[in-house]
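FYI, it's all coordinate maths here, none of it is from the lab. Note that the coordinates shown come from a computational prediction; the quantities given were computed from them, not determined experimentally. As a convention, Cβ positions derive from the backbone with ideal geometry for all residues, glycine included, and neighbour counts pool all protein chains shown.
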Amino acid sequence: MYTYKDVKLYLVQGDITTMAVDAIVNAANNTLLGGGGVDGAIHRAGGPTILEQCKKIGGCPTGEARITTAGNMPSKYVIHAVGPVYKGGNKNEDKLLYSAYYNSLKLAKEYNLKTIAFPAISTGAYGYPKDEACHIAIKAVMDFIDKEGGIEEVYFVLFGQDNYTLYEEKLNSKLNK
Ligand code: AR6
């Protein structure tokens with residue numbers, strides 16, 4: 001566990017669908033209608049009520065986020081964030097990825113949620129270089145804590161050892177355990 005200005009930051013290696021937090025964040029696409037990777041896992045574990053709510057929402061622009069309940073999962077809500085497809089780095093990908101994290105936290109605050117778990121958005125099917133994506137994720141979370149506050153616990157839930165090690169190195173270099 002790490003702390004940043006009284007906010008607890010946790011690194012977890014594993015499956016985000018098992019997290020008992022106020023909100024888990026999904027790495028969704030513009031349609032919000034499901035897909036592979038963490039999106040597929042969330043819809044499978046949560047059940048059909050999530051898709052029903054997503055259909056009513058009707059999509060989400062890249063860099064933004066939308067909220068549904070979490071169906072059968074132990075969390076209360078799913079925040080569906082849409083990260084960018086990585087196309088070489090000159091298509092505003094960094095700002096869009098940053099916004100996906102920041103807007104997820106804003107939505108959590110609007111709903112008065114205190115604990116949130118993020119996957120490594122865009123680093124799977126969307127091909128974002130993991131090191132840069134890790135830097136952006138941590139920066140967005142810290143900026144949000146600096147500027148907005150309201151959140152109490154942030155979990156970074158990493159599926160693979162490579163992302164886990166990257167986050168660990170990055171957090172160790174920035175924060176005290
Ligand atoms: N828990 C936590 N992390 C996971 C899980 C899980 N259960 N499953 C995969 N990951 P990806 P993207 C990690 O591809 O790159 C979908 O089809 C995975 O190892 O899920 O944002 C959507 O519908 C990787 O590190 O999301 C979109 O079309 C990270 O989650 C598209 O993929 C993100 O990988 C979004 O692509």
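If we scan region 76-98, do we find a residue that is in contact (Cβ under 8 Å) with a residue 12 or more places away in the chain and polar (S, T, N, Q)?
no
Quick check: anything in region 91-101 within 13 Å of the ligand (Cβ to nearest atom), touching a strand residue (DSSP E or B) at 6+ places or on another chain (Cβ under 9 Å) and either within 23 Å of Met19 (Cβ to Cβ) or not in a helix (DSSP H, G or I) (or both)?
Yes, that holds for at least one residue.
From the list Gly71, Gly63, Gly34, exactly one residue is closer than 30 Å to Asn172 by Cβ, touching a helix residue (DSSP H, G or I) at 6+ places or on another chain (Cβ under 9 Å), touching a residue at least 12 places away in the same chain (Cβ under 8 Å) and assigned to a loop (DSSP other than H, G, I, E, B). Which is it?
Exactly one residue qualifies, and that residue is Gly63.
Within region 90-125, which residues are of a type in the set (Ser, Thr, Tyr) and either in contact with a helix residue (DSSP H, G or I) (Cβ under 7 Å, 6 or more places away or on another chain) or surrounded by 23 or more Cβ atoms within 10 Å (Cβ to Cβ) (or both)?
Matches in region 90-125: Tyr98, Ser99, Tyr101, Tyr102, Ser104, Ser122, Thr123.
Taking region 142-160 on its own, how many of its residues are more than 16 Å from the ligand (Cβ to nearest atom) and either part of a helix (DSSP H, G or I) or not small (Gly, Ala, Ser) (or both)?
Total meeting the criteria: 10.
So which residues in region 22-66 are within 12 Å of the ligand (Cβ to nearest atom), within 19 Å of Ala108 (Cα to Cα) and β-branched (Val, Ile, Thr), if there are any at all?
Within region 22-66, Ile24, Val25, Ile42, Thr62 meet the criteria.
Give region 123-132 a look and list any residue that's farther than 10 Å from Tyr167 by Cα and either touching an Asp or Glu at 6+ places or on another chain (Cβ under 6 Å) or within 11 Å of the ligand (Cβ to nearest atom) (or both), or say none.
Thr123, Gly124, Ala125, Tyr126, Gly127, Tyr128
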